[in-house]
1. Restricting to the stretch 91-111, name every residue that is loosely packed, with under 10 Cβ neighbours inside 10 Å and free of Cβ contacts under 8 Å to residues at least 12 places away in the same chain.
2. What do you reckon, is Gly436 out of contact with any strand residue (DSSP E or B) (no Cβ under 6 Å at 6 or more places or on another chain) and at pLDDT below 85?
3. Which ones in the stretch 83-100 are over 15 Å from Gly111 (Cβ atoms) and of a type in the set (A, V, I, L, M, F, W, C)?
4. Since Gly436 meets every condition but one in (1) over 18 Å from Glu363 (Cα atoms); (2) over 46 Å from the mean Cα position of the chain (by Cα); (3) in contact (Cβ under 8 Å) with a residue 12 or more places away in the chain, which condition does it not meet?
5. Pairs please, first residue from the stretch 62-74 and touching a residue at least 40 places away in the same chain (Cβ under 8 Å), second anywhere and assigned to a helix (DSSP H, G or I) and among the basic types (Lys, Arg), Cβ atoms under 8 Å, 6+ apart in sequence or on different chains.
Amino acid sequence: MKKICFLTIIFFFILIDFVRGAAPTRQFVYTSGETIEPSEVTTNEDQIFNYLTAGVDTLANNSVTSAKIVDATIATADIANNAVNGAKIAIGSDAQGDVIYYNGTDYVRLGAGTSGQFLKTQGVSADVIWADAAVSPLTLTAANSSSQVPLTIVQNDVTNDPTCLIVTNNGEGKGITITQNQAASDNGLFITTDKVQGTNNLVKISQTVGSGVVSASLFSITHAWKGTLIELNSTNSSQTSNIVSLTNAGTGSSIDIIQNGVLAGGRHGLRVTSDSAHVNADSALLLINQDNASATEPALEILNDGSGVQIEGDGDENLSNAGVWTDRTSTLADKDIISEIILPEFMDKLKSLKLYSYQKKCEVYGNKKNDLEEIDELDYDKGNSSHKKKGNKFYKKVGEKKYPTQKKNPNAKIFKGYILDDPTTPEELISRDLEGNINGISAMDGVNFLLGVCKELIEKLEDLEVRVTALETL
């Protein structure tokens, strides 16, 4: 009876195998004709009992395959939240940069767009698309309130020094346009700093293209009102760099001023004004420095087609179109402390004046130059006239200027005349500064000296005429 019961249990196990999984392995196998030991039956029954008490409705691990699941029977509730990752999703023909969106029926794939495009929504009941950026992608409008600023850019990275704003224009339109439509009480464009910039620029405009439309301007301002067109104001007393620095590697003019309008009184095409006492060395109010010894053209050229003088000083002296320095006025009303000159021995001074044949050192050896001492790039200040840059190296001028030792042009022009600092040169021919240093030739005093010689010669001729007349009467 026990054997029949055991076989029944085994048959029942086979029936439920599909539900629960594989039956446990028997410890003892029974052979026909052999005696069944009670202990072996007990062991096998314990295996079955333990298997059944674990639960007939419990599935064994890895016992359910896809073939055991009816199609379309897995519901949303059967899937745990966040249980499906990207590896389990595929729309078909997936590629990097694709976007999945809902088209009203299903989730579909939108292939990657081209570089620079943006994802554009077309509103309700419409699919999203890739679209090209418009010509004016950003418009910022402020309401009529002084407290509203349409755009503020703040750059706080002081370690990596990134650029705050970059405008790249690959087309032919304007990169930036500022239109001031109202009579502004403030500035249309205001750039300010309270820091000393060192060798960096507060504003830098760079044209790096070597060729292009030659008539196009790198920087153009159209002025249609009565205010100042450009005003540059440096209020930092520690500033030693240039307010404006122009570096021109091309062959065109660095500055071209065309004054088409008739200047009003007290107005000038170019004016340099200073109310400071400039006492430091090499600090001329206006410096024109031709630093290339091979240059043959003038450092300064003045072309005057009018009837006015070339250069006019505040002491009424002027340089005429003929190249002669003269007093603009020579009337008694314009003179002070007037006394008649008792003629010195002008003729004797003229007789003792030595004349020489000479060459100019500047033409034979080249212009005087300072020695150059190489410095670190961090110490270079392009606003300092004593600093120079040659290639990738930086220098500062040291010592006194002196002529080169090697002759550049031994066949330079030979001049004939007197030499200013020669002891025999009359003082009347020399122009000196307030400290007594020789400035050069005084054209006006030179003319007066020659007038003195002529006047003395006339007096001697008159005296000789009187003496001859007296002899004739004897």
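The values are calculated or read from the model by the stated rules, or taken from the named source; none is laboratory data. It should be emphasised that the depicted structure is a prediction, and the values quoted were computed from it without experimental measurement. In this analysis, Cβ positions are derived from the backbone assuming ideal geometry, glycine residues included, and neighbour counts consider all displayed protein chains.
1. Thr105, Asp106 - these are the residues of the stretch 91-111 that are loosely packed, with under 10 Cβ neighbours inside 10 Å and free of Cβ contacts under 8 Å to residues at least 12 places away in the same chain.
2. Numbers: out of contact with any strand residue (DSSP E or B) (no Cβ under 6 Å at 6 or more places or on another chain): yes; at pLDDT below 85: yes.
Yes: the conditions hold for Gly436.
3. Pass one, the stretch 83-100, residues over 15 Å from Gly111 (Cβ atoms): 83-89.
Across the stretch 83-100, the qualifying residues are Ala83, Val84, Ala87, Ile89.
4. (3)
5. Final answer for the pair search is Ser63/Arg20.
Conditions (1) over 31 Å from the mean Cα position of the chain (by Cα); (2) in the same structural domain as Val447 (by TED's automatic domain parsing); (3) outside any helix (DSSP H, G or I), marked per residue:
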| site | (1), (2), (3) |
| --- | --- |
| Lys349 | yes, yes, no |
| Cys362 | yes, no, no |
| Glu373 | no, no, yes |
| Gly383 | no, no, yes |
| Lys389 | no, no, yes |
| Tyr395 | no, no, yes |
| Gly399 | yes, no, yes |
| Lys407 | yes, no, yes |
| Pro410 | yes, no, yes |
